[in-house]
Amino acid sequence: MTNAELAARFHEMAALLELKGLAGFKLRAYQRAAQSIEEHPEPLSEVHRRGGLETVRGIGESFARKIEEILQTGTCRLLEELRAELPPAILQLMRVPGVGPKSAAMIWRELGVSDLDGLEDAAGDGRLAALRGWGSKRAAAVLAGIEGVRRWGGRTPIATALPLAQGLLSVLRGHVGVVAAAYAGSLRRGLETVGDLDLLVSTLRPREVLDAFAAGPFVSEVLALGDTKASVRVRDGFQVDVRAVAPEQYAAALLYFTGSKEHNVRLRELAKSRGLRLNEYGLTCLPGAEDPPGLEAPPLAARSEAELYAALGLEYIPPELREDTGEIEAAAGSRLPELVDPADIRGDLHTHTDWSDGRDPAAVLAGAAAARGLEYLAITDHSRSLAFARGLTSERLASQAEDIDALNRGGGRCRILRGCEVEVLAGGELDLPDEVLRRLDWVVAAVHTPSRRDGPDLTARLVGAARHPLVDVIAHPTGRIIGARQPYELDSEALIAAAAETGTALELNASPHRLDVPPPMARRAVGAGVKIAISTDAHDHRNLGDMEMGVWSARRGWVRREDVLNALSLEQLLEWRRRRLARSR
């Protein structure tokens, strides 16, 4: 069982306990344990084998016993008791923005509603609005939130799907009969959400490999099991399809099952125009007029996807670009962009410490950044209006700057930039005065509390921030939370135009829950000459590892190294900022 699966059990227990009314220290202990499990760098199954569970942060004797039970059986007694006490679908309510555990419990107890359909009916017929503390405006917001949840459908956010896929691949690769294994489908293309999970294995012993996989302890249900394919549900209800192919078919199968469908159709058309047939089994010559009927040509030798593309007269097309949005034409003309790579990243320009809502002191965050090879790190804690995030007043920001200066004088390998994530207020003004912002090395502007979601208000606030001479970058502009909150109705073209005019950068927030700006917007932005800052928005030193996810998303947006602000060296970045500030005076 993967850490993500274990953490999901603890998250579910925490949510169900909160629905029952648990609060305070005991509830936070479950929440912290779930987070600690999720972020632990080593599989807890290995830690358990060594007898070291209680050495993991947030895991004491009681939680260690629960983890052991879950590893052995897939569940634990407390989780099953909670599931038996509460309606099976009640956690669906908490997927709707604005419906937390207390609200969900009230809706269930007073209205008898425990699923999305019932909530939608109650919001539509006035029962929800009539509840104490609700009203028609809040009920209408819930109705809009339900629509957003339904729009995501049954797809799983990449933040959940990727660690699951990596864990299952490690199981497959551990089998003696597996030559190679990879995830395919929308996950390999880096989409923000995925449907079923597609895994591919190269093997000479397909049935043996598939039988072993289907019998694994992580499987809750076997949907189909054959000689070349197994379909199962893992214990989180996610469907996983594993296809087994011979080694000589692996490259073609990986190309085919990665998709997208539209990309594959274009490739097959191109192959046909060259007298070839391309499918999941390989690339073959179409029969000529002189060939005997029914004669099937042997596949052309292709050890890699690159060789298959070359046979079609194309440059190798990275999986992130395979959406039939111009990549075929660019590859035919040797005009594909050289996409940004994780190795290109020199710094992180949006992070939080325990001065606001982060968990680590600046020194810990900077040390972790240095260990990752970063040259610089911008500390950008929230500004004063975000009281729920312990936002900094001008005075606290000045005190923090003194601490940062002292750390930099200590000679650490990573230079810390004094910054702030300053809120753009409802009237369009920034949350801190200009004389305070001028003393900083880096200014990120963001909206966390939009007054309306209908577009013009938010657009005006962000465009105004982009035009402010002291703002370096606009953070997570669409406000989306993948799988939970739809993007705000932002006029992205107006924001891109303002950023291009002023030289303000746009952030691609690397948190796998955000990945904002989305790839299509990133592509339009770099096409207009706007710089992209790929930043983690880290609230814990472990979140610095999200940078790779941000780069992956940027690649889907056709972003090159030269488009990325934090691919610059520290000296180049500071010079870029000096030139911008000079132009704005």
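Just so it is clear, none of the values below were taken in a lab; they were calculated from the coordinates. Quantities reported herein were computed from a predicted structural model and do not represent experimental measurements. Every residue, glycine among them, receives a Cβ derived from its backbone with ideal geometry; neighbour counts consider all protein chains shown.
List of remarks:
- Under Stokes-Einstein, with the Kirkwood radius over Cα pairs as Rh, the value for region 528-583 at 10 °C and 1.306 mPa s is 126 µm²/s.
- When the P(r) of region 259-332 is calculated, the portion above 14 Å amounts to 60% of the C-alpha pairs.
- The ranking of GLU315, GLU192 from fewest to most other beta carbons within 10 Å of each one's beta carbon is GLU315, GLU192.
- For region 342-584, the relative contact order works out to 19 percent when only alpha carbon pairs closer than 8 Å and six or more residues apart are counted.
- Distant alpha-carbon pairs in region 3-152 (separation over 19 angstrom), percent: 56
- Likely footprinting exposure, ASP441, ASP125, fewest C-beta neighbours within 10 Å first: ASP125, ASP441
- For the chain, averaging the sequence separation of C-alpha pairs within contact (under 8 Å, six or more residues apart) and dividing by the residue count gives a relative contact order of 9 percent.
- Length-normalised contact order of region 322-467 in % [C-alpha pairs under 8 Å, at least 6 apart]: 19
- Legend: translational diffusion of region 368-433 by Stokes-Einstein, Rh = Kirkwood radius over C-alpha pairs, 20 °C, 1.002 mPa s; D = 165 µm²/s.
- Share antiparallel - DSSP beta bridges, the chain, percent rounded to 5: 45
- Between the labelled values [x] 181; [y] 150; [z] 210, the entry that holds volume of the Cα convex hull per residue in Å³ as derived from this structure is [x].
- Region 225-263 and region 94-138 have Cα centres separated by 41 Å.
- The ellipsoid that matches the Cα gyration tensor of region 156-245 has semi-axes, each √(5λ) in whole angstrom, of 20, 14, 11, with the longest given first.
- P(r) weight above 23 Å for region 400-516, C-alpha pairs, percent: 34
- Cleavage-rule hits, GluC sites (Glu not before Pro), region 99-168, DSSP coil, Cβ neighbours within 10 Å at most 10: none
- Note on region 259-332: with charges restricted to the Cβ of Lys and Arg (+1) and Asp and Glu (-1), its dipole about the Cα centre is near 160 debye.
- By the count of neighbouring beta-carbon atoms within 10 Å, fewest first, SER584, SER535 end up ordered SER584, SER535.
- Computed across region 342-584, the Kirkwood radius stands at 17.5 Å (inverse of mean 1/r, all Cα pairs).
- Cross-link pairs LYS66/LYS102; LYS20/LYS102; LYS229/LYS261 - those with Cα-Cα distance over 18 Å: LYS66/LYS102; LYS229/LYS261
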